[in-house]
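Accompanying notes for the structure given below.
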Amino acid sequence: MEEQLQEIKTLPNIMGSFIYIEELGIAATDLPRVMRSKDLETIGRSIHRIFALNQQSGVDVVSIDIDYDEARIFTKQIDSGSTILIIGEPSANMALVKMTSSMLTAELQVAVESARLASTLPVAAPSQIEEPLLPQDQEPLTLPSEVSDTEPSAPAAESAAPANLAIDLEALLTTGELAEPLAKMQDALARAIGPFAKIIMRENLEKWTKGGAANRERLSDLADLLAVEIGNSKLEIQFRSEIRPFIA
């Protein structure tokens with residue numbers, strides 16, 4: 001399933017997608033980490049119920065379009081018990097998304113069925129190591145206990161890290177020597193994951209400032225935090241390539 005999701009994500013302005021299977025819940029997703037939560041399963045279940053109700057009513061609906069100011073959503077049945085939901089930016093070409101998802105339907109059906117079969121396979125019990133048997137007339141060997149003549153060392157006292165002073169994130173983003181590289185990093189992140197980049201940037205910037213001094217020498221640490229949020233190796237490489245001149 002991951003291969004098909006990756007193919008969809010290569011389309012322009014697509015943030016990612018996920019597959020919901022009735023028996024398994026969320027079976028696969030390549031959405032940015034910030035968008036992954038327990039709510040995804042609730043959304044998948046709700047969409048699945050909509051399709052099921054339409055079928056019971058004799059209405060032949062196999063896909064649904066939903067438009068928001070911030071995003072466009074396309075959801076399509078893979079089979080009667082599974083659904084794919086694709087999220088794109090407002091400028092996403094949904095006609096191209098629909099065509100691509102239709103071309104991948106047969107592959108997705110095979111992948112979904114494989115996931116169902118895998119979930120029904122019995123899990124092998126861990127092997128048990130048998131204790132060697134002693135002859136009936138042999139007593140088990142008892143080793144003398146060793147007494148240490150050294151006193152146990154006292155646990156080392158943990159040095160308390162100095163508390164970091166609160167940092168004005170907006171000031172950090174708009175003034176000073178870090179404003180330009182941070183803006184470039186946010187722009188590159190937006191090209192990788194879409195309009196949620198601003199939120200993700202601030203969340204990780206706050207985490208980064210709590211880990212040490214806010215300076216150019218630590219921008220590579222911030223880049224590592226942001227790269228984890230992308231969740232796509234190809235886009236991560238592109239992101240790192242774009243920001244390399246600004247964090248060196």
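The values are calculated or read from the model by the stated rules, or taken from the named source; none is laboratory data. None of these values were measured; they are calculated from a predicted model. Virtual Cβ from ideal backbone geometry, glycine too; neighbours counted across all protein chains shown.
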| field | Test: Ile84 is assigned to a strand (DSSP E or B) and buried (at least 20 other Cβ atoms within 10 Å of the Cβ) | value | yes
| request: Return yes or no: is Phe18 of a type in the set (Phe, Trp, Tyr), over 19 Å from the mean Cα position of the chain (by Cα) and outside the structural domain of Asn232 (by TED's automatic domain parsing)? | output: no
| task | From Ala179, Ala166, grab the single residue that is at pLDDT 85 or above, among the small types (Gly, Ala, Ser) and farther than 25 Å from Asp69 by Cα. | result | Ala179
| Elements of type strands (runs of 3 or more DSSP E) contained in the stretch 1-76, each with 1 or more residues being out of contact with any Asp or Glu (no Cβ under 9 Å at 6 or more places or on another chain), exposed (fewer than 14 other Cβ atoms within 10 Å of the Cβ) and of a type outside the set (Ser, Thr, Tyr) | 63-67
| request: Could you look through the stretch 219-241, keep only residues that are of a type in the set (D, E, K, R) and crowded, with 16+ Cβ neighbours inside 10 Å, and pick out the one that is modelled with the lowest pLDDT? | output: Glu229
